[in-house]
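Please read the structure below before turning to the comments.
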Amino acid sequence: MALSWRSWLANEGSKHLFLFFWLSLNIWLFGKTFLLYNQGLQYYYLHQMLGLGLCVSRASASVLNLNCCLVLLPMCRVLLAFLRGSQKVASKKTRRLLDKSKTFHVTCGVTICVFSVLHVAAHLVNALNFSENYNEEFVTLNAANYRGEDPRKLLFATVPGLTGVIMVLVLFLMCTASTYAIRVSNYDIFWYTHNLFFVFYMLLMLHVSGGVLKYQTNLEEHPPGCFNPNKTLRQNVTVPKAFEELFPDYTAEPFPEDLAVPEPFVQNSFMRVCSAEPKFQSHFPETWLWISGPLCLYCVERLYRYIRSNKPVTITSVISHPSNVLEVRMVKDDFEARPGQYVILHCPRVSALESHPFTLTMCPTDTKATFGVHLKVVGDWTERFRDLLLLHSNQDTEILPIFQQRRYPKLYVDGPFGSPFEESLNYEVSLCVAGGIGVTPFASVLNTLLDGWKCYKLRRLYFIWVCRDIESFRWFADLLCTLHNKLWQENRPDYINIQLYLSQTDGIQKIIGEKYQALNSRLLIGRPRWKLLFDDIAKKTIGVFCCGPNKISKILHKLSNSSNSYGTRFEYNKESFS
């Protein structure tokens, strides 16, 4: 399959170029810091004691500072939603790059893990060198108390060492629990361990306050490697012969500090005379400067989100759909959202700490304040949530009057937050592909078009929905039929092209109900022929939106990057909660 460079640049080019730039930046920062500590005169004595362990530990620390600073920014969801929705970012390409915030977060996390291993290994070598290369002349420079001291004392009996060990354990838990297998099998483990980041950052601020590694502050009075006659005579050490020839009458009296260094001595013997002892000082903890800003920004946003979501919503109705899908409709004062966005639900009676994101399937408008979500009951949290909502009702639908609303558990909504599907209305032609419950982000788009479609740039929508069982189509069958009939009445039947695919069946089946005749004629058996579909709709720039299984996503992603005879650029977008 031929590759279209225009499509590749639109879909992958910006992301890959950014990742290449980020990798290059980390390597450049590592190399620059390595050379600084390897060649810098202020680190001469420390380098003599520790060797390359000093350079590697400090170079990796600089990379860790950068990534620990920026790893929190992609998690500032309110900030990202503001940038996307406030038109502050006018470029569509830049807005699509914001949708890669999760990828950037993962990239920073992986970088932290890799350079943490390098940092730990270097400091293990440093602890050994501090013990073996103990120097009595530079007591303040030594981290060890005497030669041959057990290096384990430096790791477990000092603040930098102990906090470093705990940070390694916390980082190990966070990394292992972030793997795909654990996130899918037990999301609770991922959620709880990932919230240890706050402990990690507190330990990090303590870790850098120890001041173990020091630099020389008086380079002019004591150039590295110089000869100090005052110290030599005080210690009854033999004066160099070259020095005796220049100063034959010199005795064991203090060497005058204001005496100029004889030029012949410097030129002939290649030795510099210093007038003072070297002085060492700990570095200012630069990590505080790196992480304080993003950490404060994240904490302020979390506080804002807590205040915004502190008031529970009013649940107006709960509808149980086929195939274990639950619809919850709610009302909340001053709640505004755009189609394609998602919210985070928190029910204290289900879990005191746990919360989960769900895409809005109905957004509030000027005429109605109701908004809703569809959630598939597939885990412990959703099962307990469903049992609480339908505890007092054996019917599929429960719509209660206002005075009976207390029967529902308290539910808090945080959001809304932005997603790639907000762009689906900003293309002239959009292809929306859903797999199963992945139809939820497109439901809010369809509901918005039902209220009015003429004000949007979109002029043709291809809607593809693939399900395994026939009952799943009933989740939004009423919505699809209502929108279809509305467009027919407005003489725009070609505005939306609906294709429903039943991937698993024993024979010809139809959606039950006479009112679904419009959908029955669009119901196909099998799987979509994606290549033919892309060739059929190839026109100008087309937005491709997918929410469903990875298998479908990979196929659509590959086809979006492939070339076509019309020169069409397909811009691929995929739902990804961040």
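General observations
- Residue in the stretch 330-388 that is modelled with the lowest pLDDT, counting only those that are of a type in the set (D, E, K, R) and within 20 Å of G452 (Cβ to Cβ): D366
- Within the stretch 310-330, the set of residues being among the charged types (D, E, K, R) and farther than 17 Å from S444 by Cβ comprises K311 only.
- G438 over 26 Å from S553 (Cα atoms) and of a type in the set (G, A, S): no
- When the criteria are applied in full, L523 meets the requirement of being farther than 13 Å from L431 by Cβ, crowded, with 16+ Cβ neighbours inside 10 Å and either at pLDDT below 80 or over 25 Å from the mean Cα position of the chain (by Cα) (or both).
- Considering the stretch 27-57, the residues that are touching a helix residue (DSSP H, G or I) at 6+ places or on another chain (Cβ under 8 Å) and β-branched (V, I, T) include one that is nearest to A127 (Cα to Cα), namely V56.
- Index of the failed condition, K102 passing every other in (1) in contact with a helix residue (DSSP H, G or I) (Cβ under 8 Å, 6 or more places away or on another chain); (2) exposed (fewer than 15 other Cβ atoms within 10 Å of the Cβ); (3) farther than 25 Å from L66 by Cβ: (3)
- Residues within the stretch 131-141 that are closer than 15 Å to G51 by Cβ and either small (G, A, S) or in contact (Cβ under 8 Å) with a residue 60 or more places away in the chain (or both), tallied: 4
- In the stretch 27-66, the residues that are in contact with a Ser or Thr (Cβ under 6 Å, 6 or more places away or on another chain) and closer than 16 Å to G109 by Cα: S62, N65
- Picking from residues in the stretch 106-137 that are among the β-branched types (V, I, T) and surrounded by 19 or more Cβ atoms within 10 Å (Cβ to Cβ), the one that is nearest to E149 (Cα to Cα) is I112.
The values are calculated or read from the model by the stated rules, or taken from the named source; none is laboratory data. This one's a predicted model, so the numbers in the text were calculated from it and none came from an experiment. Cβ coordinates were reconstructed from backbone atoms using ideal geometry, including for glycine residues, and neighbour counts include every protein chain displayed.
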